[in-house]
Amino acid sequence: MHSGQGHEIAAVLKRALIELVLMLKKRRFAQTERPRTRSSRGEGRYIPAEVRRAVFKRDGGRCTFVDDSGERCHETGLLEFDHTVPFARGGRATVEGMRLLCDRHNQFEAERAFGKGFMQEKRQARAKSA
Ligand SMILES: [Zn+2]
């Protein structure tokens, strides 16, 4: 084999690899450029990852419930993201609109907002459908 031929083959292979990389890049970008159906403006029940991170950091990874004597709940496990304004009443999944609550206080706040009877009915309906 001539050294010139080997050089040509190497050049063809190199060109082919460049084409392949370009094609793969194009395909990947085409996927990420596809518009998302989920809104990033905090509408809907979906809570964006950056909102979760910011709320968790702001609230110090701890339940934000403050009782009547002004003492804050010490729960750091079993935390849930809660809409400060209930989702059903137009609350948004933004950093300002979310807070950390433990499961107990999340339930407590929901009962306070919607009434104990309403939440009990909801839980019973959920238990029946499950
Ligand atoms: Zn709590």
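The values are calculated or read from the model by the stated rules, or taken from the named source; none is laboratory data. Keep in mind it's a predicted model, so treat the numbers as computed, not measured. We place every Cβ from the backbone using ideal geometry, glycine too, and count neighbours over all the protein chains shown. Ligands, DNA and RNA are stripped out before the accessible areas are found, and what is left, the full protein with its side chains, is counted by its heavy atoms. Shrake-Rupley method; radii C 1.70, N 1.55, O 1.52, S 1.80 Å.
For the range 64-130, a/c is not less than 1.5, where a ≥ b ≥ c are the root eigenvalues of the C-alpha gyration tensor, and a/b tops b/c. That puts it in the prolate class.
Protein-only accessible surface at a 1.4 angstrom probe places the residues I9, I47 in the order I9, I47, largest first. When peptides 115-128, 62-75 are sorted by average Cβ neighbour count within 10 Å, with the highest value leading, the order is 62-75, 115-128.
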